[in-house]
Structure formats: structure tokens, C-alpha cells
1. I'd like to know if region 51-70 contains one or more residues that are under 21 Å from residue 110 (Cβ atoms) and modelled with pLDDT under 50.
2. What number goes with the only condition from (1) at pLDDT 90 or above; (2) more than 14 Å from residue 107 (Cβ to Cβ) that residue 90 does not pass?
3. So how many residues does region 63-116 have that are surrounded by 12 or more Cβ atoms within 10 Å (Cβ to Cβ), of a type in the set (D, E, K, R) and more than 30 Å from residue 49 (Cβ to Cβ)?
4. Would you be able to say whether some residue in region 23-32 is surrounded by 14 or more Cβ atoms within 10 Å (Cβ to Cβ), at pLDDT below 65 and under 19 Å from residue 114 (Cβ atoms)?
5. Across region 38-62, what is the total count of residues that are closer than 23 Å to residue 114 by Cα, crowded, with 17+ Cβ neighbours inside 10 Å and in contact (Cβ under 8 Å) with a residue 40 or more places away in the chain?
6. On the basis of being among the β-branched types (Val, Ile, Thr), modelled with pLDDT of 85 or more and surrounded by 10 or more Cβ atoms within 10 Å (Cβ to Cβ), does residue 35 make the cut?
7. For region 89-107, how many residues meet the condition of being in contact with a Phe, Trp or Tyr (Cβ under 7 Å, 6 or more places away or on another chain) and farther than 14 Å from residue 71 by Cα?
Amino acid sequence: MKWKILSPLGLMGFVAFYLLFGPMGTDNYCIGDTVSAPVAQYVWTAPEYGTPVHHYVVQILTNDIDTLTIDPVFVESVMVTVDYGNKYLVRVAAVDDAGVQGGYSLWAVPYTPELSPPEF
């Protein structure tokens, strides 16, 4: 999926935004009462024209209530440990060297990690 973010006055150009959801590394599994936590990785690409990006501001909305703002993010990705059963949405904005922040992308498609039944 791809989103484009345009800063005010086109200063930073467009940013393509990709989302990679799901467990990173090994599969989720249960050992007794312990469940491994999934990780959602959010990845985007820097603008191809306009002023250079200094950093990004990432907002993660959980269950349509709580918003976590991660600022600054100096790379084009962020990994977040998520909880089973909670709904997550994300958006990102670029900030240039002068501190001018572009507009946020649209909220991403919701992601809700679900615990699958154990395999025998």
C-alpha cells in the first residue's frame, strides 16, 4: 500500500509510505502461558525532490483512542511492539532542516494482530 504526503508549499515533495505488518522474525507461538509479541514495521521512502528531510514524525493510533507520537525518527522505518486484539493505525509527516513539518499522510489501513490457535 502506498500513501503520498505533500508538505506545505511543496517544500519537501512527496513521500511514499509503505506498511509491513505482522510478526518479525520467528512465528508467534505459545509456551505455557507465554505468548510472543508481534511487531509491526512501518516503512516509507524519502521524497525524491524538494528540500531534504531532516527527520520524520510518526503517529500511531491505538483502538481509535490513544495516540503515540514518535518524534524524531531519523530513518525511513519504525518498529513497534503491538498487543494482540488492539487496533493500530499509523501516519507519518516529514520535517525539513528548517523545522518545517509537512502534512500527515492519511491514516493507514487498520491492523489488529490476532493470536492464532496453537499448532499440534
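1. Checked against the condition, which is being under 21 Å from residue 110 (Cβ atoms) and modelled with pLDDT under 50, region 51-70 yields no hits at all.
2. Here residue 90 clears every test but (2).
3. Within region 63-116, residues that are surrounded by 12 or more Cβ atoms within 10 Å (Cβ to Cβ), of a type in the set (D, E, K, R) and more than 30 Å from residue 49 (Cβ to Cβ) number 2.
4. Pass one, region 23-32, residues surrounded by 14 or more Cβ atoms within 10 Å (Cβ to Cβ): 23, 28.
So of that shortlist, the ones also at pLDDT below 65 come out as 23, 28.
Checking the rest, the ones that are also under 19 Å from residue 114 (Cβ atoms) come to 23, 28.
For region 23-32, residues surrounded by 14 or more Cβ atoms within 10 Å (Cβ to Cβ), at pLDDT below 65 and under 19 Å from residue 114 (Cβ atoms): present.
5. Within region 38-62, the subset closer than 23 Å to residue 114 by Cα is 38-43, 59-62.
With the extra rule that they be crowded, with 17+ Cβ neighbours inside 10 Å, the set shrinks to 38, 40, 42, 59-61.
Applying the additional criterion that residues be in contact (Cβ under 8 Å) with a residue 40 or more places away in the chain yields 38, 40, 42, 59, 61.
Adding up the residues that qualify gives 5.
6. Details: among the β-branched types (Val, Ile, Thr): yes; modelled with pLDDT of 85 or more: no; surrounded by 10 or more Cβ atoms within 10 Å (Cβ to Cβ): yes.
No: the conditions fail for residue 35.
7. Residues in region 89-107 being in contact with a Phe, Trp or Tyr (Cβ under 7 Å, 6 or more places away or on another chain) and farther than 14 Å from residue 71 by Cα: 3 in total.
The values are calculated or read from the model by the stated rules, or taken from the named source; none is laboratory data. Values in this document were obtained by computation on a predicted structure and should not be read as measured data. Cβ: placed from backbone, ideal geometry, glycine included. Neighbour counts: every protein chain shown.
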